[in-house]
Amino acid sequence: MYNPNENRFGDPEDQFTRPPRRAASPMAMAGVSCAIIAILTSVTGIISIVFAALGILFSSLSRGDRAKPVRAEKYAFRISLIAIIVSVAITAASLITVINQYGSLMNYYKAYLYTIEQNYGIDIEDLYGIDTEDLFGVETDGGELL
């Protein structure tokens, strides 16, 4: 009679058994969640880097005493690294574009404040509570920087 627990040769000890699959730990799943949030917020700069760092931390802590990482740990680590690289690249490209267009970050800030004054009628002193002379070391004449 056929017994499914025996192998073809009749020796139950030689039966191939698949090792049980290791479930991902809650820390690994938290790492994957942080990594996904980091990828989704990669255009925001610092927020993405914070979530990616948390993803790397959680994926590293989820290993515990295991010799080999589970799949979720690997994915969390890799996605977090990709999020950091993408976020740094986008931030660097933005800064390079602003510096190329305006010459410096201070000139960009001056143009930003001028645009707010002209388009919305909001005075710099009202917006930030400080005088433009204190801010830039120059005086303004009717909203224009001298």
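The values are calculated or read from the model by the stated rules, or taken from the named source; none is laboratory data. Just so it is clear, the structure is predicted and the values come from calculations on it, not from any experiment. Every residue, glycine as well, gets a Cβ built from its backbone with ideal geometry; the counts of neighbours run over all protein chains shown. Note: areas computed on protein heavy atoms with side chains; ligands, DNA, RNA excluded. Shrake-Rupley method; radii C 1.70, N 1.55, O 1.52, S 1.80 Å.
Of all the numbered requirements in (1) more than 28 Å from Ile130 (Cβ to Cβ); (2) modelled with pLDDT of 90 or more, Gly103 misses one, and that requirement is (1).
Among the helices (runs of 4 or more DSSP H) confined wholly to the range 25-123, which include 1 or more residues that are open to solvent by 30 Å² or more (accessible area, probe 1.4 Å) and of a type in the set (D, E, K, R)? If you could, list the steps in order and put the result at the bottom.
Numbers: elements: 26-40, 46-61, 71-102, 105-120.
The helices (runs of 4 or more DSSP H) meeting that bar are 71-102, 105-120.
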